Structures are given as C-alpha cells and as structure tokens.
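A short worksheet on the structure shown next.
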Amino acid sequence: MSERQKIIDGKAFAETLRNKLAAEVATLKEKHGLNPGLAVVLVGEDPASKVYVRNKGEQTKAIGMASIEHKLPISTTQEELLALIDRLNKDPKVNGILCQLPLPKQIDPQAIINAIDPDKDVDGFHVVNAGRLATGGKGLVPCTPYGCLLLLKDRIGDLTGRHAIVLGRSNIVGKPMAQLLLNENCTVTIAHSKTRDLPGETRRADIVVAAVGRPEMVKGDWIKEGAVVIDVGINRIEGPDGKARLVGDVEYKSAFARASAITPVPGGVGPMTIAMLLNNTIIAACRQKGIERPR
Ligand SMILES: NC(=O)c1ccc[n+]([C@@H]2O[C@H](COP(=O)([O-])OP(=O)(O)OC[C@H]3O[C@@H](n4cnc5c(N)ncnc54)[C@H](OP(=O)(O)O)[C@@H]3O)[C@@H](O)[C@H]2O)c1
C-alpha cells in the first residue's frame, strides 16, 4: 500500500455519504411526500457553537432537507428551553432535534437532553438511546463514534475478533464507541486518565480510537505495527511560527510510520460528524413515518 493510501480520508468519505443522503431525501420526497426536518437549537453566543450550528444548517439544506433553527438569548431559562423542546417534540415537521452544547450555566444539559423525544434525539445522547445501544436495541447512535465505525468498516471490513482500544470514556464519544466496537465483535479495552500503562495497553491493539482531548498524547511507539488508528481529537495549539493550528490526540507523523491506516486531523473524523447527523435524521424520519429507508 502506498503512503497516501494509508490515510483514511474522512472528508472524501463524508462527501460521498452526503451525496447518497441527498439521493435518499429526493426519493423520500418523491415517493412518500416526506421532507425530513432537523431542528437545531442554539442558546447564547458561543463563537464555536455558532459556527457548528451554521455548518449544520448549510449541510442540512444542501442535501435537500428542511433546516429549522432556533436561536435563543443567553438569558434563556431552563423552563423556556424545555417549553421549546416540548413544542419541537410535538411538531410533525421536525424529525430530529439537536440542542447545541455547551448550554449557559443556569441550564442543566442532561435535563434538556432527556426532555428530547428519544426517537427525535439525532445526537443519540438521550439515556434511552444510550440504553438501546448498550442492550442491542434499535436506537439513534451518537454521530462521532458512529462516523468512526463507518470509517473503520470501510477500511477493514469485518471487525470480528480484533482487539480495539478506546482512549477516553466520555458519554458522547468513548463509551458509545466502545459499545459499537463490542457490537461488531471486537475485544474492547476502554482506557481513561486512571489507566495504568497506557502505552502498553495501546500497543496490544489492532484498532486504536483516541478521544482524550490531549494534543498529540498518543506517540508513534504506542502503536502496534499495522494497527488502524482513528484520531477523534481536535485540539488547537500554537505552532512554531506562532500561528494556531489543529492537531489530534495522536502524534500523527510517528503514528503514521507504524499504522496501516490513520485518520488525519483535520480531514479525518471531523467531517464525518455532521454527515452522520444528517444520516440519523433520515433514519429518525423514516422510523417515525414507518417507511423503509430508501438505499
Ligand atoms: N471530530 C469530532 O467531531 C469530535 C466530536 C466530539 C469530540 N471531539 C474531540 O474528541 C476529544 C475527546 O472529546 P470528549 O468530548 O470525549 O472529551 P472529554 O469529555 O473531555 O473526555 C476525555 C476522556 O479522555 C480521558 N483522558 C483525559 N486525559 C487522559 C490521559 N492523560 N490519559 C488517558 N485518558 C485521558 C478522560 O478520562 P477520565 O474519564 O478518567 O477523566 C475522559 O474519559 C476532544 O479533543 C474533542 O475535541 C471531536
């Protein structure tokens, strides 16, 4: 395999996926009169959140779906936000609901997440969806780990019997990632900040998923020769020239030398997240209407 082929190009994969989703949306409109709708709620003025919400809206519209945006002031109370979620839960034109995190401090994020109808919870963060994933039920799966799984399956095929390590145990990335890999018959190690001998644990793995939020923490000599590396981390650091740049949780150059395949940062996992959000909205819309997903 050439050096170039070792790179798992999430940007290209996400683009192909979005094109397929656009075709599905066209079929849903034509055959079933269904126009899937995604509602995104933004509370406050966090600059990064505003960019994410704008990108989500643009990509939703680009594949032909309806984008519904609610922008609320930073002073919004939990009761006001819950009232909006309730209206969106009941709105038949809204098939997916996402509340952009972080929320202002007067609002408990878990209370908001758990107020979303689990069948419209396209982020897959609701406790019911976490439970469905853990017990093999039909739920909605968190977008980032779901995207990582698609990249892994595209590169490796059947994951059965592989030893996978997930570095990080957050509810939004690490834990659902580990569940997904377990569901694919991997033998899964979940590592975290209290894990002893992280390099040694990582070296035993055929698949390494790094989601710790620590710039370039995973070194090349932690990677088993031929392992597949998925770097979820997005960290902004200052480069030698004084300019800000993005790096992952993996030291890319040294890991590249050992891995059989690796996601770059940027251009690896990042672009998959919104594509999987659109994917989840189509899944949710079809289930709500009792329609088979057009593929
Ligand atoms: N590509 C995307 O679209 C996308 C989406 C979401 C997140 N991300 C990125 O993914 C990274 C992780 O996100 P997150 O939300 O899961 O982060 P998080 O909630 O902060 O969780 C980080 C996890 O890493 C573990 N950890 C931290 N330092 C460690 C260390 N030195 N050794 C071993 N484990 C350590 C923590 O362990 P403890 O539990 O023991 O504290 C925790 O479980 C971040 O860089 C984030 O920006 C990217």
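The table for this structure:
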{"read-out": "Residue list for the range 151-161, restricted to those being surrounded by fewer than 19 Cβ atoms within 10 Å (Cβ to Cβ) and hydrophobic (A, V, I, L, M, F, W, C)", "value": "156"}
{"read-out": "The listed residue being open to solvent by 20 Å² or more (accessible area, probe 1.4 Å), touching a residue at least 12 places away in the same chain (Cβ under 8 Å) and either within 30 Å of residue 250 (Cβ to Cβ) or not in a loop (DSSP other than H, G, I, E, B) (or both), out of 54, 18", "value": "18"}
{"read-out": "Verdict on residue 16 being among the polar types (S, T, N, Q) and over 25 Å from residue 234 (Cα atoms)", "value": "no"}
{"read-out": "Top-ranked residue in the range 202-223 [being surrounded by 19 or more Cβ atoms within 10 Å (Cβ to Cβ) and within 16 Å of residue 159 (Cβ to Cβ); ranked as nearest to the ligand (Cβ to nearest atom)]", "value": "209"}
{"read-out": "Residue match in the range 36-45 (condition: surrounded by 14 or more Cβ atoms within 10 Å (Cβ to Cβ) and among the charged types (D, E, K, R))", "value": "no"}
{"read-out": "One residue from 123, 119 being of a type in the set (D, E, K, R) and either within 16 Å of the ligand (Cβ to nearest atom) or open to solvent by less than 10 Å² (accessible area, probe 1.4 Å) (or both)", "value": "123"}
{"read-out": "The range 225-252 - residue that is surrounded by fewer than 18 Cβ atoms within 10 Å (Cβ to Cβ) and part of a strand (DSSP E or B) and, of those, farthest from the ligand (Cβ to nearest atom)", "value": "238"}
{"read-out": "Failed item in (1) under 23 Å from residue 222 (Cβ atoms); (2) free of Cβ contacts under 8 Å to residues at least 12 places away in the same chain, with residue 162 passing the rest", "value": "(2)"}
{"read-out": "Breaking point among (1) open to solvent by 20 Å² or more (accessible area, probe 1.4 Å); (2) in contact with an Asp or Glu (Cβ under 8 Å, 6 or more places away or on another chain); (3) within 22 Å of residue 186 (Cβ to Cβ); (4) within 12 Å of the ligand (Cβ to nearest atom), for residue 258", "value": "(4)"}
{"read-out": "Residue match in the range 92-108 (condition: in a helix (DSSP H, G or I) and modelled with pLDDT of 95 or more)", "value": "no"}
{"read-out": "Which listed residue, of 61, 31, is surrounded by fewer than 17 Cβ atoms within 10 Å (Cβ to Cβ) and free of Cβ contacts under 8 Å to residues at least 24 places away in the same chain", "value": "61"}
{"read-out": "Some residue of the range 162-175 being closer than 15 Å to residue 227 by Cα, under 17 Å from the mean Cα position of the chain (by Cα) and either buried (at least 24 other Cβ atoms within 10 Å of the Cβ) or away from the ligand (no atom under 16 Å from the Cβ) (or both)", "value": "yes"}
{"read-out": "Residues that are in a helix (DSSP H, G or I) and out of contact with any helix residue (DSSP H, G or I) (no Cβ under 9 Å at 6 or more places or on another chain), drawn from the range 21-51", "value": "23, 26, 27, 29, 30, 31, 47, 48, 49, 50, 51"}
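The values are calculated or read from the model by the stated rules, or taken from the named source; none is laboratory data. Since the model is a prediction, treat every value here as computed from it, not as a measurement. We place every Cβ from the backbone using ideal geometry, glycine too, and count neighbours over all the protein chains shown. Each accessible area value is taken on the protein alone, full model and side chains, heavy atoms only, with ligands, DNA and RNA left out. Shrake-Rupley method; radii C 1.70, N 1.55, O 1.52, S 1.80 Å.
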